[in-house]
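The values are calculated or read from the model by the stated rules, or taken from the named source; none is laboratory data. Here the structure is a predicted model, which means the values were calculated and not measured. No Cβ is skipped: glycine too gets one built from the backbone with ideal geometry, and neighbour counts run over all protein chains shown. Each accessible area value is taken on the protein alone, full model and side chains, heavy atoms only, with ligands, DNA and RNA left out. Shrake-Rupley method; radii C 1.70, N 1.55, O 1.52, S 1.80 Å.
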Amino acid sequence: MTQFDTAFARAQFPAFSDPALEGWGFFENAGGSYPCRQTIDRLTRFYTRTKVQPYAPYPLSMAAGAAMDESYERLAPMLGVDADELHFGPSTTQNACVLAQAFREMWAEGDEIIVTNQDHEANSGPWRRLAQRGIVVREWKVDPDTGSLDPAALDALLSERTRLVAFPHASNIVAEINPVAEIAAKAHAAGALVCVDGVSYCGHGLPNVAETGADIYLFSAYKTFGPHQGVMVVRRKLADRLPNQSHWFNAGEIRKKLVPAGPDHAQVAAMAGVADYIEALHTRHFAQGGAPDVTTARVHDLIRAREIALLAPLMDWLRCRNDIRVLGPTDPARRAPTVALVAGRPGEELAAALAGHRVMAGGGHFYARRLIEAMGVDEGHGALRLSFLHYTSEAEIARLVDALDAVL
């Protein structure tokens with residue numbers, strides 16, 4: 001196994017050299033990662049050098065358009081898809097809302113969709129609201145003790161009228177990594193499409209979307225070292241079928257028809273910085289080169305191994321406590337390093353107490369209120385959520401455990 005170079009990774013993030021953040025442990029990454037230097041540099045360069053309307057026939061505008069095109073052309077193969085299957089919108093929540101409205105124009109009253117109560121509301125609410133328009137919404141429920149989704153339980157919900165199954169790659173609370181390809185295969189066998197919320201997964205390594213079988217894959221750039229915008233993959237065969245959601249004259253423009261607000265030009269251009277960072281990690285850790293999807297897969301596995309190793313001592317410590325309920329699996333290999341726990345004090349109160357120990361964390365329901373209520377957690381009490389990434393150090397994990405011991 002390749003040894004992860006933590007110092008190299010941290011050197012790519014200006015936050016770690018900011019005097020104002022010195023001595024603080026950042027454990028709120030599920031709410032948004034630090035942006036990498038490559039993203040910041042590209043964003044700054046666009047605003048200072050090419051902040052004009054792109055794609056016009058003069059050099060500065062052509063340079064702006066080329067900077068945007070680079071993000072599509074480099075990120076798409078990293079995700080295992082074509083450049084015209086990648087779309088950037090204001091946020092994952094808004095992207096999901098636009099998609100739900102597009103699908104509504106294709107579906108008839110009585111058609112069925114399946115959602116879960118494990119999701120962040122972004123990939124649940126827009127689909128559930130279609131019930132007001134005659135669509136039948138069926139809920140795939142978690143186990144109330146573990147928060148897990150049982151793929152076998154999906155079989156009883158699927159029918160010949162099922163049009164879509166929407167579920168998370170990993171929950172932002174229980175963090176269990178769901179078997180996306182297995183679930184997608186079940187849905188496709190029933191004739192349904194699949195929409196996967198990857199927001200809480202992609203910061204832990206970009207997936208090969210083609211291999212997941214997802215027809216739609218959503219995630220947030222600001223949780224994957226990029227700017228604050230939403231990213232969505234819509235497979236081209238489906239995108240061609242979906243009704244235009246933009247101006248009528250954009251119906252034939254594949255990059256415009258599903259993004260009615262229009263893209264943020266600078267932020268789209270800055271997304272190539274995420275590709276820069278992934279390539280930098282690959283160059284640092286691997287001697288051989290490879291195609292974009294191959295190098296991304298290697299970096300994905302490198303990051304996962306690093307995060308599992310970081311998660312292990314925290315989970316060992318939590319398993320020794322009888323005054324804490326960990327939401328989700330305690331096996332580090334089964335989950336992302338987002339740990340939500342319930343103790344005697346409300347989550348927000350615990351987060352405030354941890355701040356006194358220079359630990360940044362959050363408390364509440366994190367827009368997964370259906371999930372915590374299904375698991376018997378009072379919404380007002382909420383959970384304490386501790387989330388980290390591959391750039392977290394062993395020393396920060398140790399500091400977190402010491403702070404938790406003092407606070408609890």
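Can you send over the carbon and sulfur percentage of the accessible area for the range 147-241, probe radius 1.4 Å, protein chains only?
With neighbouring chains kept in place, the figure for the range 147-241 is 50 percent.
Which whole-Hz couplings ³J(HN,Hα) result when phi for each residue of the range 225-235 is put into the Karplus expression 6.51 cos²θ - 1.76 cosθ + 1.60, θ = phi - 60°, listed in order with x for Gly and Pro?
6, x, x, 7, 7, x, 10, 9, 9, 10, 4
Hey, which of these cross-link pairs are over 24 Å Cα-Cα: LYS186/LYS256; LYS186/LYS223; LYS141/LYS237; LYS237/LYS257?
LYS186/LYS256; LYS186/LYS223; LYS141/LYS237
Given a 10 angstrom Cα cut-off, can you work out which residue in ASN95, ASN123, ASN244 is the most mobile in a GNM of the chain?
ASN244
Where in the range 91-184 are there GluC sites (Glu not before Pro) that are in a DSSP coil and have at most 12 other Cβ atoms within 10 angstrom of their Cβ?
GLU105, GLU109, GLU160
Among GLY252, GLY230, THR50, which residue has its Cα furthest toward the positive end of the charge dipole of the range 42-274, with +1 on Lys/Arg Cβ and -1 on Asp/Glu Cβ?
Positive-most Cα among the choices belongs to THR50.
For the chain, what does the accessible surface come to per residue with a 1.4 Å probe? Please give it in Å².
39 Å²
How would you order 193-205, 390-402 from highest to lowest mean count of nearby Cβ atoms within 10 Å?
Per-residue Cβ counts within 10 Å, averaged per peptide and sorted highest first, yield 193-205, 390-402.
Determine ³J(HN,Hα), in whole Hz, for all residues of the range 164-176 in sequence, where each value follows from phi through the Karplus function 6.51 cos²θ - 1.76 cosθ + 1.60 and θ = phi - 60°; x replaces Gly and Pro.
8, 10, 10, 7, x, 5, 8, 6, 7, 10, 7, 6, 5
When ranked by the protection proxy of mean other Cβ atoms within 10 Å per residue, highest first, what sequence do the peptides 349-362, 376-389 form?
Ranking, from highest mean packing down: 376-389, 349-362.
So what J values fall out for the range 360-377 if you push phi through Karplus, 6.51 cos²θ - 1.76 cosθ + 1.60 with θ = phi - 60°, rounded to Hz, Gly and Pro as x?
Each residue of the range 360-377 in turn: 8, 8, x, x, x, 10, 6, 6, 10, 4, 4, 5, 5, 5, 5, 8, x, 9 Hz.
Which value in nm describes the separation of the simple spin-label points at GLU373 and ASP82, placed 7 Å from the Cα toward the beta carbon?
4.3 nm
If the viscosity is 1.306 mPa s and the temperature 10 °C, what Stokes-Einstein diffusion coefficient in µm²/s follows for the chain when Rh is the Kirkwood radius over Cα pairs?
72 µm²/s
In nm, to one decimal, how far is the ARG10 label point from the TRP24 one, both placed 7 Å along Cα→Cβ?
Rounded to a tenth, the inter-label distance reads 1.6 nm.
Subtract the Cα-Cα distance of ASN208 and ASP240 from 0.36 nm times their separation in residues, and report this length gain in nm to one decimal.
Gain in length upon complete extension: 9.4 nm.
Mind giving me the FRET efficiency for ILE324 and ASP155? R0 is 41 Å, r the Cβ-Cβ distance, nearest 0.05 is fine.
In this case the efficiency is close to 0.75.
Once Rh is set to the Kirkwood radius over Cα pairs, what Stokes-Einstein translational diffusion coefficient, in µm²/s, holds for the range 1-50 at a temperature of 10 °C and a viscosity of 1.306 mPa s?
Rounded, D is 124 µm²/s.
To check you understand DSSP bridge types, tell me what percent of the beta bridges within the range 42-274 (both residues inside) are antiparallel, rounded to 5.
40 percent
Any idea what the dipole of the chain comes to, in debye rounded to 20, about its Cα centre with Lys/Arg Cβ at +1 and Asp/Glu Cβ at -1?
Around 680 debye, computed over the chain.
Farthest toward the dipole's positive end in the range 42-274, which of ALA122, ASN178, ASN95, given Cβ charges of +1 (Lys, Arg) and -1 (Asp, Glu) about the Cα centre?
ASN95
I want the local charge near ALA181. Using Cβ-Cβ distances under 15 Å, sum +1 for each Lys or Arg and -1 for each Asp or Glu among the other residues.
Net of charged neighbours comes to -1.
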